[in-house]
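S.K.: I'd like to ask you about the structure that follows.
Only the coordinates and a few stated rules stand behind these numbers; no lab work does. Note that the coordinates shown come from a computational prediction; the quantities given were computed from them, not determined experimentally. Here Cβ is always computed from backbone atoms with ideal geometry, including for glycine, and neighbour counts include all displayed protein chains.
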Amino acid sequence: MPYFIYRRFLLVIKLIHYNGRSGRLLITLFLHDQKLLKSPLLYISLFFKKHRQLYYENLDIVRHTGDWEKWLNFFFDAVTETANDARNTLVKIKFAFDASEAEIPKTGKARLSIIKVFNEFKNELLLTISEITKRTGMVKSTAGTAINNLMSLRIINNSSDKK
């Protein structure tokens, strides 16, 4: 079914650029909508880019001979490899979060605030102090102190233009 959505999209949307990527994004969103993916974390385009020649050969085979089986096997290989890559990346991210959390001092009255702010960054990597105060209910000075502590531990850094 996902491939049929993809092909229909390519036939309906006559964009020269980006329709392939948009179509592949639709596949990921369709799989998520059908509860086949817990989160839409698949970036299938990278697989197709790595195997560009085979990608076009398989599309041409479907177009010229109607052999869907070869395309579907290729597509399932893409989903499998991409899902494995996503899983491995998520494991690395979890490991990094766990290692960072271990750096937070075990005692001290600031610990609870630091952990609260750190947990917000685990949910969303780019946050402003205003967003943190809204999410945590902390006053700006407490949130700022927690952020400064996380920065001094080199767990987070300031990526904004405002320093």
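S.K.: For the pair Q53 and T145, how long in nm is the line joining their label points, each one 7 Å along Cα→Cβ?
M.R.: Going by the 7 Å Cα→Cβ label model, 6.3 nm.
S.K.: Give the calculated FRET efficiency between S39 and W68 to the nearest 0.05, with a Förster radius of 35 Å applied to their Cβ-Cβ distance.
M.R.: 0.80
S.K.: Can I ask one more? If each residue of separation counts as 0.36 nm, what is the full-extension length gain between L29 and L153 once their alpha-carbon separation is subtracted? Display every interim value, and only then the final one.
M.R.: Values: separation 124, 0.36 × 124 = 44.64 nm, distance 3.77 nm.
40.9 nm is the gain from fully extending L29 to L153.
S.K.: Could you give the Stokes-Einstein D for segment 124-163 in µm² per second, using the C-alpha Kirkwood radius, 20 °C, 1.002 mPa s? Don't skip to the end; give the middle numbers.
M.R.: Numbers: Rh = 10.5 Å.
Taking Rh from Cα pairs, D becomes 204 µm²/s.
S.K.: What fraction of the Cα pairs in segment 104-152, stated in percent, has a spacing above 15 angstrom?
M.R.: When every Cα pair of segment 104-152 is considered, 33 percent fall beyond 15 Å.
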